[in-house]
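Undergrad: So that we are looking at the same thing, I have put the structure below in C-alpha cells.
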Amino acid sequence: MTENTSMDLTTLENWLWEAACVIRGAVDAPKDKDYILPLIFLKRLSDVFEDEIIRLAEEIFDSMEEALEQVEEDHSLVRFYIPPQARWKAISRQTTNIGEYLTDAVRVVARENPKLRGIFDHVDFNAQMACQPVIDNDRYYNLIQVLSRHRLGLKDVEADILGRAYEYLLRKFAEGQGQSAGEFYTPREVTWLMAYILEPQPGDEIYDPACGSGGLLIKSVLAFKEAHGDDPRIAPVKIYGQEINHTTFAMAKMNAFIHDLEADIQLGDTMARPAFTNPDGSLRTFDKVTANPMWNQKFPLTVYEEDSYNRFDFGGIPPASSADRGWVQHMFASLKENGKIAVVLDTGSVSRGSGGRSSNRERDIRKVFVEKDLIECVILLPENMFYNTTAPGIIMVINKAKKHPGEILLINASKMFTKGRPKNYMDDEHIKKVYGLYREWREEEDLSKIISIEEAIRNDYNLSPSRYVSNNNKEEYQPIEEILVELAEIEEERQTVDKELNEILTKLGFGGWLNG
C-alpha cells in the first residue's frame, strides 16, 4: 500500500538510502548509482504524471478515467507523458523478468518525451555479467517494493527537498567510489560557496564546461532564488552545461529535473568540441562561468595548438602535464564583458613555476591574468574535502569588472572545517565567513590578506594564500601531486629544448649528436 504522506528531508533521505542499500553488494560500488538514481527519477515522473491526471480530472474532466482517455489522445495536456507500462503501479506488479521490463519501460518513456532523451539511453537494467544478471530479479523486486512505500508527487515532496535528498544520494555514492567520485560530485559546501561568490543577477546565463552531475549550476540557481525570491517579475537565471561522460551527463539532466529546473545540458568533449557556439562558429559567451574540472588532466599539446576557437591566444599554450590553465582559458574565452568566473583547481595552479626557472607555461599564463588585473580572489580550501584526492584545492575568482581594481584578496580557509568521516566538511558558518570576507573585501588576521598587483608581481605571480596569510607558523609542505606535475612539466620543457637543439645541430652538420 502506498502511503500519501508528506516527508521531511531526513525521512526522505533515509528512505532513499534504504532503497539504494537493497542492491548494494550486487554490483561494484561505482555502479550502484547507475541503477538506483534512474529508478528514483522514473518514480518521480510517474507520480507527477498521476498528479497531473488527478488535476485534469478535478479541473476539466468528470473523472480520472475520462482524464486518462483524453491524455492518451492528446499528450500535450500534460508536462510529460508516461506510457501505461512505465507507470509505477504497473512496475510494482512485476514479479518476473523485472530487469528486462524496466529497460523497456525507460526506453519507451524516452521515445515519448524528447526532452527526456539522453537520460535513459545507456541504462540497461538487464545487464549481464558471466551470463548472469548483474542484479537479480529478487533484488529488483525488493527495491521496487521499498520505493513503493512513498509517493514522490508534487504534493508529497517539494522539489527543493527532493533535490536535496537526490544530492544526498550523490554524496553517499561518492563516499564509496574513491577516485572516480570526483568526476561527478563536488562537495555541497564548495558548490554553495562558489554560487554565493558568483552572485547571480536577474537574467544571468551561467555556464559550466565540466558540469558533472550539475551541482554547481543548480546551487547557482538556488543562491539566486535565496537572494531574489521567486517573484515571477524578476528575470530568472538560465543554466548551461557540458559533460563528457554519458552516465554523468544523464545524472546532471536528472538532477536539474528533480530540482524542477530548466537546464541546457549537452553531451561531449568541451576541450575538443565545445557544445555552445554561435552561428558563425565562435564560442558562445556567458555572464557567469563556473567549474570544477578534473585537476591536472593531461592533454596532448595538439589540443591547444590546433584549437580553432582562439581559446589559448590569451596567455599562451598550457603544458601537456596539466590542463588546469587550459580550462581557465576556455572559461575566460566563454565569458562576457563584465562577467565573472569561479573555478576549483589544484593548489599548485596558483604557484607552480614561480620563483624558479626563467620560463614556465603555467606561470606565464598566470602572469598575463595578473598583469591584466583579472584575478580577483583566491581561496585555499581545507584538506580532505574532495572525493578523488586528499589535497585541499583552491577556488580562483576571475572578474572582468573588479570592484577593487589593482588588488587581489587571498583567503586561507584551510583550518575552517569540521572533521568528518570519510571526508572533512565546511559548516554553514564557515561558508558564510569566507563569503563575508569576499563580499566585504576585508582583511582578517590569520585568515585573509589583500595584496596589490605589484606585490603579486614581486612574488613572481605566486598567488598561494598560504604564502601571504599565516597558518599558525606551521611549515607548509608541497603535496606529492604538485611535485609530480612540476616534474612532468620540467621533463616536457627538456624534451622541447632537446628537439630545438637537435634541429640546430642538424643544420650545422651534427645531426643526432644529443642522441649519440
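The values are calculated or read from the model by the stated rules, or taken from the named source; none is laboratory data. Just so it is clear, the structure is predicted and the values come from calculations on it, not from any experiment. Neighbour counts are summed over all protein chains in view; Cβ atoms, including those assigned to glycine, are modelled from backbone coordinates with ideal geometry.
Undergrad: Given the criterion under 25 Å from the mean Cα position of the chain (by Cα) and either modelled with pLDDT of 95 or more or in the same structural domain as Thr270 (by TED's automatic domain parsing) (or both), identify the matching residue among Ser354, Ser308, Ser358, Ser322.
TA: Just a single option satisfies the conditions, and that option is Ser322.
Undergrad: A further question follows. Out of all the residues in the stretch 330-346, which are out of contact with any helix residue (DSSP H, G or I) (no Cβ under 7 Å at 6 or more places or on another chain) and of a type outside the set (Gly, Ala, Ser)?
TA: Hits for the stretch 330-346 are His330, Met331, Phe332, Leu335, Lys336, Glu337, Asn338.
Undergrad: Which one is modelled with the lowest pLDDT, of the residues in the stretch 141-157 that are assigned to a loop (DSSP other than H, G, I, E, B) and surrounded by fewer than 17 Cβ atoms within 10 Å (Cβ to Cβ)?
TA: Among them, the one singled out is Lys155.
Undergrad: Something else now. Inspect the stretch 124-133 for any residue being touching a Ser or Thr at 6+ places or on another chain (Cβ under 9 Å), farther than 13 Å from Ile98 by Cα and crowded, with 21+ Cβ neighbours inside 10 Å and give the result as yes or no.
TA: no
Undergrad: Inside the stretch 76-130, can you point out the residues that are closer than 20 Å to Leu56 by Cβ and β-branched (Val, Ile, Thr)?
TA: Val78, Ile82, Val109, listed by residue number.
Undergrad: Got a sec? Which of Leu39, Leu45 is more than 16 Å from Asp156 (Cβ to Cβ), hydrophobic (A, V, I, L, M, F, W, C) and crowded, with 21+ Cβ neighbours inside 10 Å? Please lay out each step first, then the result.
TA: On the way: Leu45 fails: more than 16 Å from Asp156 (Cβ to Cβ).
Just a single option satisfies the conditions, and that option is Leu39.
Undergrad: Out of the residues in the stretch 248-266 meeting the condition of being within 12 Å of the chain's Cα centre (by Cα) and of a type in the set (S, T, N, Q), tell me which one is surrounded by the fewest Cβ atoms within 10 Å (Cβ to Cβ).
TA: Thr248
Undergrad: May I pose another question? Tell me yes or no: at least one residue of the stretch 232-248 is assigned to a loop (DSSP other than H, G, I, E, B), in contact with a Gly (Cβ under 7 Å, 6 or more places away or on another chain) and small (Gly, Ala, Ser).
TA: Yes, the stretch 232-248 has at least one match.
Undergrad: I would also like to ask the following. Could you say which residue among Ala110, Ala90, Ala57, Ala105 is of a type in the set (A, V, I, L, M, F, W, C) and buried (at least 19 other Cβ atoms within 10 Å of the Cβ)?
TA: Ala105
Undergrad: Okay, next question. Given the options Lys415, Lys423, Lys403, name the one that is basic (Lys, Arg), more than 30 Å from Gly176 (Cα to Cα) and not in a helix (DSSP H, G or I).
TA: From the options Lys415, Lys423, Lys403, the qualifying one is Lys403.
Undergrad: Looking only at the stretch 365-407, which residues are without any contact (Cβ under 8 Å) to a residue 12 or more places away in the chain and touching a Phe, Trp or Tyr at 6+ places or on another chain (Cβ under 9 Å)?
TA: Within the stretch 365-407, Lys372 is the sole residue that qualifies.
Undergrad: What residue, of Asp104, Asp138, Asp160, is more than 30 Å from Leu381 (Cβ to Cβ), touching a residue at least 12 places away in the same chain (Cβ under 8 Å), in a helix (DSSP H, G or I) and among the charged types (D, E, K, R)?
TA: Values: Asp138 fails: touching a residue at least 12 places away in the same chain (Cβ under 8 Å); Asp160 fails: more than 30 Å from Leu381 (Cβ to Cβ).
Every option except Asp104 fails the conditions.
Undergrad: I would also like to ask the following. Whether any residue in the stretch 240-247 is β-branched (Val, Ile, Thr), closer than 22 Å to His122 by Cα and surrounded by fewer than 21 Cβ atoms within 10 Å (Cβ to Cβ) is what I want to check.
TA: Within the stretch 240-247, the subset β-branched (Val, Ile, Thr) is 244, 247.
Now restrict to residues that are closer than 22 Å to His122 by Cα: 244, 247.
With the extra rule that they be surrounded by fewer than 21 Cβ atoms within 10 Å (Cβ to Cβ), the set shrinks to 244, 247.
Yes, the stretch 240-247 has at least one match.
Undergrad: Just give me the residues in the stretch 199-231 being assigned to a helix (DSSP H, G or I), more than 14 Å from the chain's Cα centre (by Cα) and among the charged types (D, E, K, R), in sequence order. First the steps, then the outcome.
TA: Initial filter on the stretch 199-231 (assigned to a helix (DSSP H, G or I)): 215-228.
Still in the running and more than 14 Å from the chain's Cα centre (by Cα): 222-228.
Once the filter is applied, which keeps residues that are assigned to a helix (DSSP H, G or I), more than 14 Å from the chain's Cα centre (by Cα) and among the charged types (D, E, K, R), the stretch 199-231 yields Lys225, Glu226.
Undergrad: Further question: So Ala165 passes all but one of these: (1) assigned to a helix (DSSP H, G or I); (2) small (Gly, Ala, Ser); (3) over 28 Å from Ile54 (Cβ atoms). Which condition number does it fail?
TA: (3)
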